[in-house]
Amino acid sequence: IGFINEFQDRLLFGTDQSFGRPELVMPHQGFLKGLVAEGKISGEVYEKIAWKNATRLLGL
């Protein structure tokens, strides 16, 4: 958790798989959402890892 909080601006979530039920192949998303629910990371940290860092990196 310390690593996630410390390097929140350098982490991003990604996958190259596409299936009809993404919850079956993307358990990390549930893990990160669980950390938010438990108060271990903030919603902002989750958003950075989930999409904001990728948006910034790709200049979108």
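Things to note:
- Test: residue in the stretch 36-56 that is surrounded by 10 or more Cβ atoms within 10 Å (Cβ to Cβ), of a type in the set (Ser, Thr, Tyr), at pLDDT 95 or above and not in a helix (DSSP H, G or I): yes
- Pairs where the first residue, in the stretch 2-16, is surrounded by 15 or more Cβ atoms within 10 Å (Cβ to Cβ) and the second is assigned to a loop (DSSP other than H, G, I, E, B), C-beta under 7 Å, 6+ apart: Ile4/Leu11; Ile4/Ile41
- Of all residues making up the stretch 1-18, the number that are assigned to a loop (DSSP other than H, G, I, E, B) and modelled with pLDDT of 65 or more: 12
The values are calculated or read from the model by the stated rules, or taken from the named source; none is laboratory data. None of these values were measured; they are calculated from a predicted model. Note that we place each Cβ from the backbone using ideal geometry, even for glycine, and neighbour counts take in every protein chain shown.
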